[in-house]
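A.B. asks: Okay, handing you the structure first.
The values are calculated or read from the model by the stated rules, or taken from the named source; none is laboratory data. Nothing here was measured: the structure is a model prediction, and the numbers come from that model. Note: ideal-geometry Cβ built from the backbone for every residue, glycine included; neighbour counts use all protein chains shown.
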Amino acid sequence: MTLALTLFTLIAISLGAIFFLAGTVGLLRFPDTLTRLHALTKADNLGLGLIVLGLLPQVDWPVGGLKLIAVWLVVLLAGATVGQLMAKAARSDAWNGSTDLEPPR
Amino acid sequence: MSSVTLFGLCGAALVGLGLYGLIVLPGALRRIIAFNLLGSGVFLLFGVIARRGGGVIAGTGSDPVPQALIITGLVVAFAATALAVALLRRLLQETGRDDWDEDERSDR
Amino acid sequence: MDIADFLLAAAVFVLATVALGLTRILRGPSDVDRMMAAQLLGTGGVAALLLLGVATDMNAITDLALVLALLAAFASVALVADARRPEPEPVPDDAHPEGKTRT
Amino acid sequence: MSAALIVDLGLTLLILGLGVWTVAARSNNGAVVGYIAYGLLVALVWVRLAAVDVALTEAAIGSGLTGLLLLGVATRLPRSARLTRPPTGLGTRLLAGFLSAAVAGGLAAVVLLLPDPAPTLAPSVAANLPATGLGNPVTGVLIAFRAIDTLLESVVLVFAIIGVWSLAPKDGWGERPGWLRPAPLGSALTLLAQLLPPIGILVGIHLFWTGATAPGGAFQGGAVLAAMWVLAMIAGLARPPAVSRRWLRLMLVAGPALFLTVGIAGIWLAGAFLAYPVAYAKPLILVIEAALTLSIAAALGLLLAGPPEHPSAAERQP
């Protein structure tokens, strides 16, 4: 059982780390703001989510585990909201003043 | 070289960087940011001194007295920044500009 | 390999990855792109702190991750909230007839 | 070179790189965003320096609240100020460069020549901490051993508020602070401002409470509470209170006033200003911390809300 849990931790955290890598690569390589935002939200939600999932068997319950879940919920909530707001801002004309390129239409 | 010394050198470099920005940057906002850089360099130097004096109490690796000074310092730095930003915004309201050099930009 | 070593290695990996993303701050082109890099750094920092907290068995580091998570979103909200407002124009001189205190 | 040193070297280079960016960036917004990322990384350095209390403060105040403050003004600067500006003359820049390099070099030399063994007050703190009933030595220093610093510091916050409020326009006095006008952002922000504060308030109270035994305390808890209040104000769910309100002013001074009262009572009860009678040290400290947390939260929130403005100023000014 312990071995299975350890294995679970290893796999989930490795996957989470890979999502962070993918999110970064997307942020750096994708062609425009909205697609980059798409890459970012994947790292936020899945990357951190998988890492939290992997850590859950390794902490004391209930306090430690609930704290981890609270962190994930906060990031999920904030990421989803801010993602939407950023998408709006990226399309808004108000941004042309401080943008080097035209925002995507 | 140890990590602690490394962070100490980082703090020293940040003080220099902040000072440079404070002198040469145009615009009050950028000077406020530079001032904050300078401050955080000083705090880092304090932190290095705290770390070097630590390791005595079980569970804390850092001298608590400088740590407490840094915490109060951070809050005071925030208060000073808020006051500076308030002055800047008032300047913007009155003149529409973020600087006070009369001769250079009087043609606006 | 000890599980704590693995967690520490994962923390360093995540941090190094999101640090690479910071080049977006340099390249822009828009402020939204820059803010995204800062937000990715925030999330990555939270992940690294959680891993570090469990690896070293320090509850306080998990608290720090929680604070970071709460406040990281905050700055992004501020940026987009302010960006939606129209560009400020200098106030005409007659708006503050006696407010001028130039030297 | 050990693995830890490589990580720390990477952190240092990132911090210095972001520092250079905030000075060199062309756009003001870019510089502020760089500064926010910089604050995040500095919080990680505090963890590496075994100062989690400081890391919590830096994450909450140094990066979060300062970032909001700076962004709020950066996006209001006139467009002409954002683009090309007349650069400072080459001579000034060279001179400033030499001066800054000399100061940095001097400090670096001091760092390299720090005495060994390092002077420390940690043993005295450890020896006297049990008398306060606290488990967190940093809170012990803040509220008991160096209480005078903390008292003055909490008064400084009140002075800062007075300073900001005194910048009110002529017809603004007594009105509501004007910086945090709700942005027309729609339901997403409203949802965030409804769901996040309950968690944040819980975290803020947890930080204050745990500060007695573990990293945390009045400043960190107060900063998180202030952030949640400000979020509600940005979303339009809470209006900033008019600065003439008596309850607001009472809340602002409650922490420092209680601190001072207990401190003066200490002259008779414990033989010295700001000393606590040993039997009641822990409960007294907790009460002071609770009042301080509230006052700090109110002060930080009001500093972010800015000076009072006449309601009609909203249409007329940025």
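A.B. asks: For D:Pro78, all conditions in the list (1) surrounded by fewer than 22 Cβ atoms within 10 Å (Cβ to Cβ); (2) at pLDDT below 90; (3) more than 8 Å from chain B (Cβ to nearest Cβ) hold save one; what is the number of the exception?
C.D. replies: In the conditions (1) surrounded by fewer than 22 Cβ atoms within 10 Å (Cβ to Cβ); (2) at pLDDT below 90; (3) more than 8 Å from chain B (Cβ to nearest Cβ), D:Pro78 misses (3) alone.
A.B. asks: Which one is farthest from C:Leu26 (Cα to Cα) among residues in the range A:1-55 that are surrounded by fewer than 23 Cβ atoms within 10 Å (Cβ to Cβ) and in contact (Cβ under 8 Å) with a residue 60 or more places away in the chain?
C.D. replies: A:Leu34
A.B. asks: I'd like to check something: does the range D:137-150 contain any residue that is in contact with a Ser or Thr (Cβ under 8 Å, 6 or more places away or on another chain), facing another protein chain (nearest Cβ under 7 Å) and either assigned to a loop (DSSP other than H, G, I, E, B) or of a type in the set (D, E, K, R) (or both)?
C.D. replies: yes
A.B. asks: Quick one: in the range D:44-69, which of the residues that are at the interface with chain C (Cβ under 7 Å from one of its Cβ atoms) and of a type in the set (A, V, I, L, M) is farthest from B:Ser3 (Cα to Cα)?
C.D. replies: The qualifying residue farthest from B:Ser3 (Cα to Cα) is D:Leu68.
A.B. asks: Would you confirm whether or not the range D:299-316 contains a residue that is surrounded by fewer than 22 Cβ atoms within 10 Å (Cβ to Cβ), outside any helix (DSSP H, G or I) and in contact with a helix residue (DSSP H, G or I) (Cβ under 7 Å, 6 or more places away or on another chain)?
C.D. replies: Yes, the range D:299-316 contains at least one residue that is surrounded by fewer than 22 Cβ atoms within 10 Å (Cβ to Cβ), outside any helix (DSSP H, G or I) and in contact with a helix residue (DSSP H, G or I) (Cβ under 7 Å, 6 or more places away or on another chain).
A.B. asks: Evaluate the following for D:Leu16: is it out of contact with any Pro (no Cβ under 7 Å at 6 or more places or on another chain), buried (at least 20 other Cβ atoms within 10 Å of the Cβ) and not assigned by TED's automatic domain parsing to the domain that holds D:Thr139?
C.D. replies: No, not satisfied.
A.B. asks: What number goes with the only condition from (1) assigned to a helix (DSSP H, G or I); (2) more than 23 Å from the chain's Cα centre (by Cα); (3) touching a residue at least 60 places away in the same chain (Cβ under 8 Å) that D:Thr261 does not pass?
C.D. replies: All conditions pass for D:Thr261, except number (3).
A.B. asks: Please enumerate the residues belonging to the range A:73-105 that are modelled with pLDDT of 85 or more and surrounded by fewer than 20 Cβ atoms within 10 Å (Cβ to Cβ).
C.D. replies: Within the range A:73-105, A:Leu73, A:Leu76, A:Leu77 meet the criteria.
A.B. asks: Might you let me know whether the range D:208-219 holds any residue that is more than 8 Å from every other protein chain (Cβ to nearest Cβ), part of a helix (DSSP H, G or I), in contact with a helix residue (DSSP H, G or I) (Cβ under 7 Å, 6 or more places away or on another chain) and surrounded by fewer than 20 Cβ atoms within 10 Å (Cβ to Cβ)?
C.D. replies: no
A.B. asks: Right, another one. Can you tell me which condition D:Val253 does not meet? The list is (1) modelled with pLDDT under 85; (2) over 30 Å from A:Ala78 (Cβ atoms), and all the others hold.
C.D. replies: Every condition holds for D:Val253 apart from (1).
A.B. asks: Against the conditions (1) part of a helix (DSSP H, G or I); (2) within 14 Å of chain B (Cβ to nearest Cβ), where does D:Val287 fall short? Just the number, please.
C.D. replies: Status for D:Val287: all satisfied but (2).
A.B. asks: Another question, then. Tell me the residue from D:Leu113, D:Leu94, D:Leu41 that is among the aliphatic types (A, V, I, L, M), more than 9 Å from chain B (Cβ to nearest Cβ) and crowded, with 21+ Cβ neighbours inside 10 Å, please.
C.D. replies: D:Leu41
A.B. asks: Yes or no: the range A:48-66 includes at least one residue that is touching a Lys or Arg at 6+ places or on another chain (Cβ under 9 Å), modelled with pLDDT of 80 or more, within 21 Å of C:Ile61 (Cα to Cα) and among the aliphatic types (A, V, I, L, M).
C.D. replies: Scanning the range A:48-66, I find at least one residue that is touching a Lys or Arg at 6+ places or on another chain (Cβ under 9 Å), modelled with pLDDT of 80 or more, within 21 Å of C:Ile61 (Cα to Cα) and among the aliphatic types (A, V, I, L, M), so the answer is yes.
A.B. asks: Just give me the residues in the range C:25-61 being surrounded by fewer than 24 Cβ atoms within 10 Å (Cβ to Cβ) and either in a helix (DSSP H, G or I) or more than 7 Å from chain A (Cβ to nearest Cβ) (or both), in sequence order.
C.D. replies: C:Leu26, C:Arg27, C:Ala55, C:Thr56, C:Asp57, C:Met58, C:Asn59, C:Ala60, C:Ile61 - these are the residues of the range C:25-61 that are surrounded by fewer than 24 Cβ atoms within 10 Å (Cβ to Cβ) and either in a helix (DSSP H, G or I) or more than 7 Å from chain A (Cβ to nearest Cβ) (or both).
A.B. asks: Regarding the range D:122-132, can at least one residue be identified that is crowded, with 20+ Cβ neighbours inside 10 Å and either more than 9 Å from chain B (Cβ to nearest Cβ) or in contact (Cβ under 8 Å) with a residue 60 or more places away in the chain (or both)?
C.D. replies: yes
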